[in-house]
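For reference, the structure is listed below as structure tokens.
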Amino acid sequence: GLLQRVEALEQRVSGQATTIVTLNDTLTDTRATLRETTAALAQEQARAVAAEAFILSVVGFNVSSEAMRAQAAEQTLNSTLTVALARELSRAASAETSLGVALAAASSQAQLNDSSLLTLIQAEAS
């Protein structure tokens, strides 16, 4: 009976030893896989950082190009508006001068008419 219990105990210990060896191998494999995964993740992270830097440089270039285009368009518009404003001011000044001349002529004509009317009234009176 004792021998059988010792043999059973030896089998159990042997089975547990086999399980421990298997678990140890699994742990070793898992650690190796984890190291590989960590290395692959580090590579992917480096690629992502490089890609992000590239995208930011492209976007930054495009943004600065657009800003330069917008600034050039604004300058063109400003100069066009300045020229148009100067032209309109010149037209307004010219129109004002013409109106002044016409007003002076009309005033002169009105004075002439008043004078003629006064002469007629005096002639009728005498």
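Here are the numbers for this structure:
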read-out: Theoretical gain in end-to-end length, Leu9 to Ala48 [0.36 nm per residue, Cα-Cα removed]; value: 8.4 nm
read-out: Principal-axis tilt of helix 2-125 within the chain, Cα atoms, nearest 10 degrees; value: 0
read-out: Accessible area of the chain belonging to carbon and sulfur atoms, whole % at 1.4 Å probe; value: 64
read-out: Helix-only mean residue ellipticity at 222 nm for the chain, each DSSP H run of n ≥ 4 adding -39500 (n - 2.57), per residue, nearest 500; value: -38000 deg cm²/dmol
read-out: Residue among Ser108, Leu89, Asn62 farthest towards the positive dipole end of the chain, charges placed on Cβ; value: Asn62
read-out: Debye, to nearest 20: dipole size of the chain, +1 on Lys, Arg Cβ, -1 on Asp, Glu Cβ; value: 420
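The values are calculated or read from the model by the stated rules, or taken from the named source; none is laboratory data. Keep in mind it's a predicted model, so treat the numbers as computed, not measured. A quick note on method: Cβ atoms are made from the backbone with ideal geometry, for glycine too, and the neighbour counts reach across all protein chains shown. Areas reflect the complete protein model, heavy atoms only, side chains present, ligands, DNA and RNA absent. Shrake-Rupley method; radii C 1.70, N 1.55, O 1.52, S 1.80 Å.
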